[in-house]
Each structure stands twice: as C-alpha cells, then as structure tokens.
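Visitor: Here it is: the structure, laid out below.
Laboratory data are not the source of any read-out in this text; all were calculated from the coordinates shown. Since we're looking at a predicted model, the values are computed, not measured. Backbone-built Cβ (ideal geometry, glycine too); neighbour counts: all protein chains shown.
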Amino acid sequence: MKFISKKLRKPLLLVATAMLLLGVFSFKSVDFKLSKSLDTFFAFVREVSIFYVDQPDPEKLVKTGIDAMLQSLDPYNQFIPEEEMENLEFQTTGEYGGMGALIRQSDDYPIVAEVYENSPAHKAGLINGDKIISINGTSAHKLPVQKVSTMLKGVPKTDLNLVIERYGQADSLIFSFKRDKIHIPSVPYYGMLHDSIGYIRLSNFTSSSHSEVKKALKDLKRSHHASRLVLDLRGNPGGLLNEAVKVVNLFVEKDELVVYTKGQIKDFDQEYKTSTRPMDAQIPLIVLVNRGSASASEIVAGALQDLDRAIIIGERTFGKGLVQATRPLPYNSQLKITTAKYYIPSGRCIQAVDFSHRNEDGSISFIPDSLMSEFETQNGRLVKDGGGITPDIEHNISSYSRLTSVLYAQNHLFDYATHFYTQQPHIASSSEFSLSDSQYNDFVAFLNERDFEYESQTEYVLNELIKASKSEHYDKLLKPITDSLKLVIRANSDKDFEEYKSEIKFLLEEEIVGRYFFQKGKAEYNINNDSIMDKCIDIFVNSNRYNDILTGSNEKSIASYPKRQETTNFVRKPQRNLVAKQNSSPEVIS
C-alpha cells in the first residue's frame, strides 16, 4: 500500500467496500471468484492511476467503474456520493432546503418553470418564465441546470440573491430572500367530483403520504359528505414501501397481507400486513392507473385488486416489481441496490422485465404474455403476473399530434402562457377558464412572430423517402412526384392548427391556469377536462355494475387482456400521451 497516494486510497477503499457489500452477504466467507475479482479491480485502478500518461482523477475513475457495474444489473441501482445525499432525502421525505420552484434550461440561461404556492420564491415575487441571470453574484450563463439547482438549494434561513430578467420588462430585477424548508405534498389536490364522490390525487409515496391521504379522506367525508372515492395514482412513480402498505390499510381490515418480498438473502424476506383498524373498509373505491404508475403505486393498486377492494381503471401499469434498499458505504455515501422482488396477495409478481436474463446483445425484453401465470383474487377473478397491473376497466389515452408535441417540447406553450399572464391580470376560476377563439388565434399569431416552423409526420416521412431515393439514384425519377407532394403538404400545413385545436388548447389552458392558481388549480382544471372521470361517475352511480365487477359476475376472458407494448412512455397528462422531442428541457427542483 506504500505505492498508493493518499488521494487514491479513499476511492480504492470505497470501491472495495462497495463490491464487498454487493457480494459478501451471499456467502459465509468471500468465495474465490469474488476475492480474485476484487484483487484484480484494485490492482487495475492502482496501475492506471500511477502509470497512465496523464494523471486521471481517481475518484472519477472509480465512480465510472461503479456506475458501469450497476448498469450491468437493473436500472434501479445507484451509487449515491455524500454530495448527492440531499436528493435521496428528498425522495423519501419530500422535503429539501431551497426556494421552492422548478427550473429548466432555456437558451443560455435557466428559467423558472413553476413556482410553488407560498414558497420563498412565491413570497419574494418570482413568477413562471423569469430568467435567472445570476445567483449570489455568480453568473448562470450556460450553467447546467443541475448545477443551477444545487446553487439555489441550501440550508434554510440562508440568503439567496438573484438577478432576474422578466418578460416584457427592459430592466433586470433583483430579488433577495432566504431559503426555507420546502415540502412537496404527496397529495397536491383533493376535492369532490360529483355529489357524494370524492377525489384524491396521490403523486408519490414519501414519509407523509399515508397521513396526507388520511387527512384528505377525513375532510372529504366530514365536510363534503363523500361516500364514494376515486384514488388517482396515474403517473405516480412509487416511493416508500411502508407508506404503500399504510395507504392500503386505510381501506382494508387489520391483519390482511398487502405484499411480501423475496430475495437472495432469506433473512431479508418479509411479509407486510395491515397493522391497524382501517379508516373506511366499506367506502366504494376506484383506483386510477396508467403506464406511469410504478412500484409502490402498483402495490396499492394490485393489493386492492387482489383483495377485491377496489375497481382499477386506466392503462396497464409500468411493471416494476423490484424492491430497493440503501446500504451505507464509507465517507457518508450510500448504495441503493435491488434486494428483492415483491409479490402481492394473490401471489403474483408484476415485474415486466427480466434483467437477469439478457439477450445476446445485452438488451432486455419484456416478459412475453405467453409466459405469464394466472392467479386469482379473493373472489376468484383471474389476474396475471409479469407485466404490471392490468386494470379491470381499460381507459386508453390517445397520443398527442406531432404539432402539439413540438409546441410543448420547444416551450412555445410555456412562453405564450408567460405572454398571456403579463397581459391578463385576472382570469376565470381554474374549473371555468377556457381560451376564446380570438385568444387561440392570438397564440397562432404569437408563433408566426417567432417564425415558428415544424415538420409534420407526413413531411418527415416524405423527406426520408427523398433521402432514400437519392441513395438509390431514384431521386430524378421521383422528383416531379415528391415536389408535387411538398406543395400539397405546405399548402395544408396551416390547417393543422385547426385540426389539433382541442389538444393544443387543453395544454395551453392548463399552463395558463397554473400561472394564476398554481398546482392545485392545474389539478382542478385537469379533473374538469378528464373523460375518465365520467366513467368513474357512471360506475359509482350504477352500483350493480360496481358490485358485478368486484364479484367477477361480468368477468372478461383473461385471453382478452391487452398485449404489452414494446415501449413504455411515462405520461405527463391524464388525457393523452405526450411524446416530446428530446430537446425538451427537464425540470429540476430548486
């Protein structure tokens, strides 16, 4: 060890410990293969660090090796260095220190994408669309958005000084305020759908999810006399397993099995049962899911389905049946690693991808429907494993047009909402707001001023045909035809704004409503424009249909279950899938 520099000892110790943690629990003593591999890796890093022509960064070298190791497993394993521990804490608690806003990259500077109501950013006067020029004296020009997010976060009560450029104002603005503890609620919205039907939107599973759902349900029952409930888990990526069990416990009697885990280490296998009396074990319940509902969301939906406690409506869920746990590593770092698979009451595991058996090229595949096994709910209804939770009633959502996707991905909808907000001091309530035809035409004019252009799907296919014809020397032969088609497409391109007016208006209205009424307003707007709610109301009103579904009286053939598509898109909106271009900037919390 005398040949190893002090700078190198830390990362080598880190990787050695990490690799031991990955394998040592499976053996009473470290076997020969593991010992040999550790020796080889340790020697490899040492030799590269000492003899490579340029001095590599040893920590970066080891971090790259760790990441590559984890990539060979499944995508849910992660090495978390000390400086990123705050992100792990946020995932489990929903809390962090910062100003309370989402930011995204736009051109050369980050912009405020969404301000949280009553946050320090909101109280200071920041609004959506503000361009961040500098942070505490440091220019934000061309800084990665993750770097900007780190700079904006910090210990509560510390100072934050921002220089801002605001749409429509010539001079820069200066904001000085203090950071605070920010809590992102698991229940961003709840309310009444119709007469006695309550609605709760659960967006993730953090340490406060159960208490927030319980509080919302209590208020809906006492203040609004809700006697039926819709629990919305669409787009919920999951979170804490214990919180999922507690949410199920709100609707299921004590001592019912919700989920159990099975892994390589048998001592870690565990059953999770309801432990307290339920809040309401009788209230008719509908759970909404889609392809973005994953992990803990699937535990809740799957357990309630297996126990015949709720009707599941929507799309087939994501299919994540893997459980992760965190293991401590040296220097205050952590290893987030898959330790088990989870199984819901019927005995099925809903994992959709078998990461342990890869194709020859290293790719992965969904478990084919032909290899899925059949299981039964408490009432004897047929259900399957291996591919997410299949809803009792399907409600598939249509995809957005290419035009709408481009408008969203290139921030044109966002920018027009910023423009609209500066022109209109007030709008109707979130449930009543609607853009007039003249306002929609103003949006189209706004795009024309920006020289907006887009390539329709038909035009894209035609251009690909032209490229192929050139490579095969058919271009001269086909030119009269392709030129004619181009003229036809261009002559009709303006009609797309009328053809897809309803979906463009929907996204515009939602974005605008958020400027005035924040997240709650956007949620309320969505609910009032969501066709799946009519389906929920219809089922609740027809109590016989509700009971027939849960008892299996109108059980559909298991052979009619939908085939899983080969791609899985997380859905941003409840109504449609939004396929955005890759240049759409990701939003990060600050």
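Visitor: Rank-order 130-137, 276-283 by packing density, defined as the average count of other C-beta atoms within 10 Å over each peptide's residues, highest first.
Guide: 130-137, 276-283
Visitor: Just want the ordering: LYS157, LYS218, LYS63, from fewest to most Cβ atoms lying within 10 Å of their own Cβ.
Guide: Fewest-to-most Cβ neighbours within 10 Å comes out as LYS157, LYS218, LYS63.
Visitor: Moving to a separate point now. Can you give the FRET efficiency to the nearest 0.05 for LYS123 and LYS341, using r as the Cβ-Cβ distance and R₀ = 60 Å?
Guide: That pair, LYS123 with LYS341, gives E of 0.85.
Visitor: Sticking with this one: Could you put CYS349, CYS536 in order, starting from the residue whose Cβ has the fewest other Cβ atoms within 10 Å? Walk me through the numbers before you get to the answer.
Guide: Details: CYS349 18, CYS536 24.
Arranged by neighbour count, lowest to highest, CYS349, CYS536 become CYS349, CYS536.
Visitor: Under Stokes-Einstein, with the Kirkwood radius over Cα pairs standing in for Rh, what whole-number D in µm²/s applies to the chain at 20 °C and 1.002 mPa s? Please list the in-between numbers first.
Guide: Details: Rh = 27.1 Å.
Rounded, D is 79 µm²/s.
Visitor: Follow-up. What FRET efficiency comes out for ALA43 versus ASP354 if R0 is 60 angstrom and r is the Cβ-Cβ distance? Round to the nearest 0.05.
Guide: 0.95
Visitor: Spin-label point model (7 Å from Cα, Cβ direction): what's the LEU173 to LEU447 distance in nm?
Guide: The two pseudo-label positions are separated by 2.8 nm.
Visitor: So who's got an amide H within less than 5 Å of the one on ALA226, skipping anything under 5 residues away but keeping other chains? H placed 1.01 Å off N, in plane.
Guide: Residues meeting the criterion, in which the H sits 1.01 Å from N, are LYS221.
Visitor: Okay, moving on. May I ask for log10 I(q)/I(0) of the range 156-205 at q = 0.18, 0.24, 0.25, 0.26 Å⁻¹, from a Debye sum over the Cα atoms as equal point scatterers with solvent left out?
Guide: Debye output, listed in q order: -0.75, -0.88, -0.92, -0.95.
Visitor: Same structure, new question: Could you calculate the contour length gain from THR92 to ASP159, that is, 0.36 nm times the residue separation minus the distance between their Cα atoms, to one decimal place in nm?
Guide: Taking 0.36 nm per residue and subtracting the Cα distance, the gain is 21.5 nm.
Visitor: Still on this model: Determine the principal axes of the Cα atoms in the range 270-359, then give the extent along each, sorted from largest to smallest and rounded to whole angstroms.
Guide: 49, 38, 22 Å, listed from the longest principal axis down.
Visitor: A follow-up question, please. Please compute the Kirkwood hydrodynamic radius of the range 465-537 from all pairs of different C-alpha atoms, in Å with one decimal.
Guide: Evaluated on the range 465-537, it is 16.2 Å.
Visitor: When the helices in the chain are scored as -39500 (n - 2.57) per DSSP H run of 4 or longer and the sum is shared across all residues, what 222 nm value do you end up with, to the nearest 500 deg cm²/dmol?
Guide: When only DSSP H runs of four or more count, the value is -12000 deg cm²/dmol.
Visitor: Got a sec to turn the phi values of the range 166-178 into Karplus ³J(HN,Hα) couplings, 6.51 cos²θ - 1.76 cosθ + 1.60 with θ = phi - 60°, whole Hz, x for Gly and Pro?
Guide: 10, 4, x, 10, 6, 8, 6, 10, 10, 10, 10, 7, 10
Visitor: Can you give the longest run of the chain that contains no GluC sites (Glu not before Pro) sitting in a DSSP loop with at most 11 other Cβ atoms inside 10 Å?
Guide: It works out to 1-359.
Visitor: Scan around ASP269 for amide H atoms under 5 Å from its own, H built in the peptide plane at 1.01 Å from N, and keep only partners 5 or more places away or cross-chain.
Guide: For ASP269, whose amide H was placed from the backbone, the distant partners under 5 Å are GLY263.
Visitor: In which sequence would THR150, THR138 go, from the one with the fewest C-beta neighbours within 10 Å to the one with the most?
Guide: Ascending Cβ contact count within 10 Å gives the list THR138, THR150.
Visitor: Follow-up. Obtain the nm distance between the two label points defined at THR458 and ASN542 by a simple spin-label model: each point lies 7 Å from its Cα along the Cα-to-C-beta direction.
Guide: 3.9 nm
Visitor: Can you return the aspartates and glutamates within cross-link range of LYS123? Criterion is Cα-Cα under 13 Å, with same-chain partners fewer than 8 residues away left out.
Guide: ASP180
Visitor: Would you mind checking the range 281-304 for residues with the amide N under 16 Å from a putative spin-label position 7 Å along Cα→C-beta of LYS254?
Guide: 281
Visitor: How large is the Kirkwood hydrodynamic radius of the range 95-183, counting all unique pairs of alpha carbons, in Å? Before the final figure, lay out the partial values.
Guide: Values: mean 1/r = 0.0786 Å⁻¹.
Computed over Cα pairs of the range 95-183, the Kirkwood hydrodynamic radius comes out at 12.7 Å.
Visitor: Could you pull out the pairs from LYS215/LYS520; LYS36/LYS63; LYS246/LYS273 whose alpha carbons sit more than 18 Å apart here?
Guide: Values: LYS215/LYS520 16 Å; LYS36/LYS63 20 Å; LYS246/LYS273 9 Å.
Among LYS215/LYS520; LYS36/LYS63; LYS246/LYS273, the Cα-Cα distance tops 18 Å for LYS36/LYS63.
Visitor: Then there's this: Could you compute the FRET efficiency for TYR52 and GLN423, with r as their C-beta to C-beta distance and R0 at 60 Å, rounded to 0.05?
Guide: Calculated transfer efficiency: 0.50.
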